[in-house]
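Taking it in order: structure first as structure tokens, then the write-up.
The values are calculated or read from the model by the stated rules, or taken from the named source; none is laboratory data. Since the model is a prediction, treat every value here as computed from it, not as a measurement. Backbone-built Cβ (ideal geometry, glycine too); neighbour counts: all protein chains shown.
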Amino acid sequence: MRPTRTLQVAACAAALLLAATACSSSGKGGSSATGLNPPDLKAPTKLGRTEGEVNLIAWAGYVENGSNDPKVDWVTPFEKQTGCRVNSKVAASSDEMVKLMKTGEYDAVSASGDASLRLIASGDAAPVNTKLVPNYKDIFSGLKNGSWNSVKGQMYGIPHGRGANLLMYNTQKVDPAPTSWSAVFDDAAKYKGHVTAYDSPIYIADAALYLKATKPELKIKNPYALDQKQFDAAVALLKKQNANVGEYWSDYLKEISAFKSGDSVVGTTWQVIANLAAGEGAKVKAFVPKEGSTGWSDTWMVSAKAKHPNCAYKWLDWIVSPKVNAQVAEYFGEAPANSKACDLTSDKNFCTTYHAADEGYWKNIAFWNTPIEQCLDGRTDVTCVPYAKWVQAWTEIKG
């Protein structure tokens, strides 16, 4: 079952955000950040002897050693094969991951897109030599050279998995069946008190994505690159939505419960939540609306201060090896990154359900990225709103 992923980013991130310079990207796979100028760090050219241990920061469910479930253990085989003892810390938010990486006490982190650019810009994450990660060759192309994990063709990590933020609705109470995000925005009053939304500042991008399609006069190109006028429009839309929201969710179990009880009938979700809710009897469907969706892609990044870089590289290769990547994807509830993992999932329909190999599907997903003052869509004649102000606005939106 997929763990909760709470993304509460504190205003102290502002210094990191302002340290970054211009990027040009669509926010989707295959588009490297072309204008970012991070510190001049070098990736290793070869690996040395392993150091005997590795310190990891990860989302819950990514580093399993059998202590949570004896049947779920890909850490012990890694330790036996490499001699690298795994010490892991579960982080509850992207902001916590950034703070922990800055301490220099950790070797690698499973960063989401709203953290990875900050780590690159601040020099806390080092460039990665993908030639030292043999399994990288089998990573889906749509996850390579993304605007959230690379700069000018240089990868800053190894892609781990991906997922889309979907629109879920109660098939018995929402009629006609929705096709658009308008169900939770312009038409939300129809379901007043029963609309649910993801509880995070990054959700502002969902509103921006909707406005990109419905308000072309705003000229939004990238939902993570919003000038003040565009940002104000997204915030206004979310404040209007707030009157109809019954609950903002960050705990997937609570969302499942709300859809089962009928407290929620329409709102944003993840595929794994939709699967679990339907499995528990909720009459729900989930899909990518016609405007597309936002989404997340996690990347294993190596600390620029890593004390155990050789073990860290061994871990990067291990966690995206076909068998292990398949195990993690099924346990966590996401599309695997390794193209060979789909042949090894216990559920032979798993990759079809999660659209793992459907690059056409992912072209409609704008993966999370970190908004900075220098616009990620390449504009240089305006200043974009940095993530610290997204955090402030989110507090105002929720009242």
- Query: Considering only segment 206-230, how many residues are closer than 18 Å to residue 374 by Cα, in contact with a helix residue (DSSP H, G or I) (Cβ under 8 Å, 6 or more places away or on another chain) and either crowded, with 22+ Cβ neighbours inside 10 Å or outside the structural domain of residue 193 (by TED's automatic domain parsing) (or both)?
  - Reply: 6
- Query: How many residues are of a type in the set (D, E, K, R) and either outside any loop (DSSP other than H, G, I, E, B) or not assigned by TED's automatic domain parsing to the domain that holds residue 315 (or both) when one looks only at segment 54-85?
  - Reply: 4
- Query: Quick one: in segment 320-333, which of the residues that are modelled with pLDDT of 95 or more and either outside any helix (DSSP H, G or I) or among the hydrophobic types (A, V, I, L, M, F, W, C) (or both) is nearest to residue 149 (Cα to Cα)?
  - Reply: 320
- Task: May I ask you to verify whether residue 125 is under 11 Å from residue 303 (Cα atoms) and buried (at least 24 other Cβ atoms within 10 Å of the Cβ)?
- Result: yes
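Check 90, 98 and return the single one that is touching a Lys or Arg at 6+ places or on another chain (Cβ under 6 Å) and of a type in the set (A, V, I, L, M, F, W, C). First the steps, then the outcome.
Numbers: 90 fails: touching a Lys or Arg at 6+ places or on another chain (Cβ under 6 Å).
Just a single option satisfies the conditions, and that option is 98.
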- Task: Would you please name the residue that is nearest to residue 208 (Cα to Cα), looking only at residues in segment 236-252 that are in a loop (DSSP other than H, G, I, E, B) and modelled with pLDDT under 95?
- Result: 250
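So which strands (runs of 3 or more DSSP E) are wholly in segment 116-229 and hold at least 3 residues that are at pLDDT 95 or above and of a type outside the set (Val, Ile, Thr)?
Values: elements: 158-164, 166-170, 195-198.
Result: 158-164, 166-170.
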- residue 330, sole failed condition from (1) closer than 27 Å to residue 264 by Cα; (2) touching a residue at least 24 places away in the same chain (Cβ under 8 Å): (2)
- Going by the conditions given, is residue 245 more than 24 Å from the chain's Cα centre (by Cα), buried (at least 21 other Cβ atoms within 10 Å of the Cβ) and under 19 Å from residue 206 (Cβ atoms)? no
